[in-house]
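Chemist: My questions will all concern the structure given below.
Quick note: the coordinates plus some simple rules give every number you see, no bench work behind them. This structure is a prediction, so every number in the text was calculated from the model and none was measured. Note that we place each Cβ from the backbone using ideal geometry, even for glycine, and neighbour counts take in every protein chain shown.
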Amino acid sequence: MDTQSATIEQAVSALRRGECVGLPTETVYGLAADARNVQAIARVFALKGRPLAHPLIVHIPDGDCLDEWAVEIPEAARRLAAGFWPGPLTLVLRRHPSVLDAVTGSQPTVALRVPAHPLAGSVLAAFGGGLVAPSANRFGRVSPTTAAHVRAEFGDALPIVLDGGASAIGIESSIVDLSGDTPRLLRPGMLSPTAIEHLLGATLARGAQVNSPRVPGSLASHYAPRTPTYWIDGGADPEALHAGARAHALQRPAVMVMDALPPGMAGRAMPADAQDYARVLYATLRELDQGVFDGILVAAPPDTAAWLAIRDRLRRACAR
Ligand code: TXA
Ligand code: MG
C-alpha cells in the first residue's frame with residue numbers, strides 16, 4: 001500500500017460523479033464505474049479500448065440485491081450465491097429490464113458478482129448500487145493484481161486508484177451461466193468446478209456455445225504479454241526448454257518453470273501449488289514482459305483439475 005492511494009470516500013464520490021475508479025478485488029483489480037450511468041460506462045470502454053459489444057460484470061454489495069438486476073432467477077443461482085458470495089464466482093442470469101444495454105452488450109442476460117475484498121465491499125456498501133468493473137487493463141492485455149499495475153496501465157487517465165494490496169486469488173472469477181436450460185462454465189476460475197457442481201446438484205457444461213453470449217476471455221489472444229509467449233509441453237525437462245528456445249530462434253528467452261531455473265536460463269521459478277501459482281501468475285508475466293527478453297517459455301503445468309483455470313490463462317497468453 002502507498003501514500004498516493006485514494007480513500008474510500010474519494011472513490012465513492014468520484015463514482016457518484018460518473019467517474020472511473022481503480023478498485024481492488026480478491027481476483028484482480030477492476031476498473032469500476034456506476035452500472036446505472038451510461039456516460040460512466042462509456043468512459044470504461046474508452047479507457048480500456050474495449051469493443052463496445054463486450055458485456056461487463058456488475059458487482060453488487062450482496063446477494064439480496066440479485067432481484068434488482070435479474071429476473072426468473074433459478075433456485076440454483078440462490079444456492080450458489082449463498083454458498084460462494086462474497087467470492088470469485090460470477091453468475092450469468094436473465095437481465096432485469098432496468099439493466100442498461102451498455103452493460104449487457106444488448107444481450108438478454110447480465111453477469112453478477114459480489115467481490116470478497118474488504119475495500120470493494122466498503123465501496124459497494126457506501127455507494128449502495130451496482131458497479132461495472134472489468135479488469136483494469138487495456139483491452140487484450142494482462143490483468144492487474146496490484147494498484148501499481150493499474151497505474152502502469154492508465155497513468156493520469158485514472159487519478160483514483162484504491163490500493164488494497166496484491167489480489168489474494170490472482171486470476172479472474174469463474175463465470176457460470178444459469179440463464180439457459182443447462183448450467184455452463186463460461187470461464188474457469190480458481191473456484192473448483194466440482195465444488196460448484198456439488199452445490200448446483202448438476203454437471204456443468206463447459207465452454208461457450210454457438211450463439212451464446214460473447215466472452216472476450218474466449219478470444220484466443222486475450223491476457224497476452226507483448227513479448228511472444230510459448231507453451232512448452234514437458235517443460236519440467238530443461239532440454240525441452242532449450243529446444244523451445246532454439247525452435248523459436250530466441251536469443252534471450254525467459255522461462256517460467258515450476259522447479260528451480262535450469263542452469264544457464266533466466267526467468268522465474270513458479271510455486272508448485274496451484275493457488276500460489278495463480279496469485280503470482282499475472283505479476284510474473286508483467287515482470288518478464290519489460291522488454292529484457294525476446295520470448296517467454298512457459299513450462300505447461302499439470303493437466304489436472306486444480307490447474308484448469310491457470311492452464312486456460314496460460315494458453316491464452318501463448319495464443320496469437
Ligand atoms: O474476477 C473478475 O471477474 C474481474 C474482477 C474485477 O471482478 N472482472 C473481470 O471482468 O474479469 P472482465 O470484464 O475483464 O471480464 C468479464 C467477463 C467477460 O469475459 C465478459 O464477456 C463476461 O464476463 N460477461 C459479462 N457479461 C456477460 C453476459 N451477460 N454473458 C456472458 N458473459 C458475460
Ligand atoms: Mg479482463
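Chemist: Of the residues 71, 92, which single one is surrounded by fewer than 20 Cβ atoms within 10 Å (Cβ to Cβ) and of a type in the set (Val, Ile, Thr)? Spell out the reasoning first.
Modeler: Working: 92 fails: surrounded by fewer than 20 Cβ atoms within 10 Å (Cβ to Cβ).
When all the criteria are applied, what remains is 71.
Chemist: Which condition from (1) under 15 Å from the mean Cα position of the chain (by Cα); (2) surrounded by 19 or more Cβ atoms within 10 Å (Cβ to Cβ) is the one that residue 164 breaks?
Modeler: (1)
Conditions tested, residue by residue: (1) charged (D, E, K, R); (2) within 20 Å of the chain's Cα centre (by Cα); (3) in a strand (DSSP E or B).
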residue: 36; (1), (2), (3): yes, no, no
residue: 53; (1), (2), (3): no, yes, no
residue: 76; (1), (2), (3): no, no, no
residue: 79; (1), (2), (3): yes, no, no
residue: 86; (1), (2), (3): no, yes, no
residue: 97; (1), (2), (3): no, no, no
residue: 102; (1), (2), (3): no, yes, no
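Chemist: Being farther than 16 Å from residue 255 by Cα, part of a helix (DSSP H, G or I) and without any contact (Cβ under 8 Å) to a residue 60 or more places away in the chain is the filter here; which residues of the range 275-310 pass it?
Modeler: Across the range 275-310, the qualifying residues are 276, 307.
Chemist: Right, something else. Mind telling me which of the residues 124, 178 ends up being of a type outside the set (Gly, Ala, Ser), closer than 26 Å to residue 49 by Cα, touching a residue at least 12 places away in the same chain (Cβ under 8 Å) and touching a Pro at 6+ places or on another chain (Cβ under 9 Å)?
Modeler: Only one candidate passes the filter, namely 124.
Chemist: Please go through the range 84-111 and pick out each residue that is within 16 Å of ligand 2 (Cβ to nearest atom), of a type outside the set (Gly, Ala, Ser) and over 20 Å from residue 170 (Cβ atoms).
Modeler: Hits for the range 84-111 are 92, 103.
Chemist: Still on this model: Pairs needed: first member in the range 227-249, at positive phi; second member anywhere, buried (at least 16 other Cβ atoms within 10 Å of the Cβ); C-beta distance under 6 Å; at least 6 residues apart or different chains.
Modeler: Matching pairs, first to second residue: 234/240.
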